[in-house]
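Comments concern the structure below.
The values are calculated or read from the model by the stated rules, or taken from the named source; none is laboratory data. Here the structure is a predicted model, which means the values were calculated and not measured. When we count neighbours, we look across all protein chains shown, and the Cβ atoms used for this are built from the backbone with ideal geometry, even at glycine.
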Amino acid sequence: MKKRNLLLTLLAIITASAGIVWAADHIDAPGVTSTTSDITDFYAFQSPENSSNMVFVANLQGLLDPTATANATFDENVMVEFNIDNTGDFVEDLVIQATFKDGKVNVYGPVKPTATGKISRVETSGDVTAANITKYNQTASIGSSNGIKVFAGPRDDPFFFDFAKYSEIIAGTATGFSNPGSDTFAGTNVMSVVVEVPKSMLGSAATLNTWVESKRKI
Ligand SMILES: [Ca+2]
Ligand SMILES: [Ca+2]
């Protein structure tokens, strides 16, 4: 079994109890600004098409304009790791890992990790689901295996926020948002990793804690 150590470069923690959860963190994470490991958002929700499935989405490399999007790639030295705690101790019991190589995304798991915390290893003992990385403006390429579905490629950033008005409010020069506001993220894209898995692969806990990490190969 090939094992590789990866160093944590960014940790975004979300606690999910039910329904959709999300958080946003565009270009302001210390040490990873504008890098290929920069996570913008993490979403975890029940599949709207199949209530037996959960969907995990990690978006990276925010604020890509169309030209930058056409040239954007996933970093082959960066792994995206979805962590799932199903025992309530905020230590991951399962991971879903995505790595990128030669135009493909390879997704490992859900599988019990051999390492928790800041250092991870690519976990090759469980399911492996591959897909071609979708190119900009091309039809989505979705890989599937054993009930797991995988997508990786550029997508319109679903996050929206009137950052200019927010800054005015913080500065005391405005008292509230306008309606309609101005979406600072309109027309920008992200590099998105989407994994849909049967809930039966995530344990039987009523509550899952889940967070995503991007980790650089060392
Ligand atoms: Ca746990
Ligand atoms: Ca982990």
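Being of a type outside the set (Asp, Glu), assigned to a loop (DSSP other than H, G, I, E, B) and farther than 26 Å from ALA72 by Cα narrows it down to one residue among THR139, THR184, THR173, THR134; which is it? Quick ask: steps written out before the conclusion?
Details: THR139 fails: farther than 26 Å from ALA72 by Cα; THR184 fails: farther than 26 Å from ALA72 by Cα; THR134 fails: farther than 26 Å from ALA72 by Cα.
Checking each option against the conditions leaves just THR173.
Considering every residue within segment 113-126, establish whether at least one is modelled with pLDDT under 95, in contact with a strand residue (DSSP E or B) (Cβ under 6 Å, 6 or more places away or on another chain) and among the basic types (Lys, Arg).
Looking through segment 113-126, at least one residue is modelled with pLDDT under 95, in contact with a strand residue (DSSP E or B) (Cβ under 6 Å, 6 or more places away or on another chain) and among the basic types (Lys, Arg).
Restricting segment 108-128 to residues that are within 16 Å of ligand 1 (Cβ to nearest atom) and assigned to a strand (DSSP E or B), which is farthest from GLU196 (Cα to Cα)?
SER120
Assuming VAL194 fulfils every condition listed in (1) crowded, with 20+ Cβ neighbours inside 10 Å; (2) without any contact (Cβ under 8 Å) to a residue 40 or more places away in the chain apart from one, which condition is it?
For VAL194, the exception is condition (2).
Which of the following residues is at pLDDT 95 or above, near ligand 2 (Cβ under 10 Å from one of its atoms) and of a type in the set (A, V, I, L, M, F, W, C): VAL105, VAL91? Before the answer, list the steps.
Values: VAL105 fails: near ligand 2 (Cβ under 10 Å from one of its atoms).
Criteria check complete, one pass: VAL91.
When the residues of segment 129-152 are narrowed to those that are β-branched (Val, Ile, Thr) and surrounded by fewer than 17 Cβ atoms within 10 Å (Cβ to Cβ), which ends up farthest from ligand 1 (Cβ to nearest atom)? Quick ask: steps written out before the conclusion?
Quick first cut of segment 129-152, residues β-branched (Val, Ile, Thr) only: 129, 133-134, 139, 142, 148, 150.
Narrowing the set further to residues that are surrounded by fewer than 17 Cβ atoms within 10 Å (Cβ to Cβ) leaves 139, 142.
Working: THR139: 38, ILE142: 30 Å.
Checking each candidate, the answer is THR139.
Yes/no per residue for (1) surrounded by fewer than 22 Cβ atoms within 10 Å (Cβ to Cβ); (2) not in a loop (DSSP other than H, G, I, E, B):
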position	(1), (2)
MET54	no, yes
ALA58	no, yes
ALA70	yes, yes
MET79	no, yes
ASN83	no, yes
THR87	yes, no
GLU92	no, no
ASN106	yes, yes
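Run ARG155 past the list (1) more than 16 Å from ligand 1 (Cβ to nearest atom); (2) out of contact with any strand residue (DSSP E or B) (no Cβ under 8 Å at 6 or more places or on another chain) and report the number of the one that doesn't hold.
Going through the list (1) more than 16 Å from ligand 1 (Cβ to nearest atom); (2) out of contact with any strand residue (DSSP E or B) (no Cβ under 8 Å at 6 or more places or on another chain), ARG155 breaks only (2).
Name the residues in segment 55-66 that are out of contact with any Ser or Thr (no Cβ under 6 Å at 6 or more places or on another chain) and more than 12 Å from PRO154 (Cα to Cα), would you?
If the condition is that a residue be out of contact with any Ser or Thr (no Cβ under 6 Å at 6 or more places or on another chain) and more than 12 Å from PRO154 (Cα to Cα), then PHE56, VAL57 are the ones that fit.
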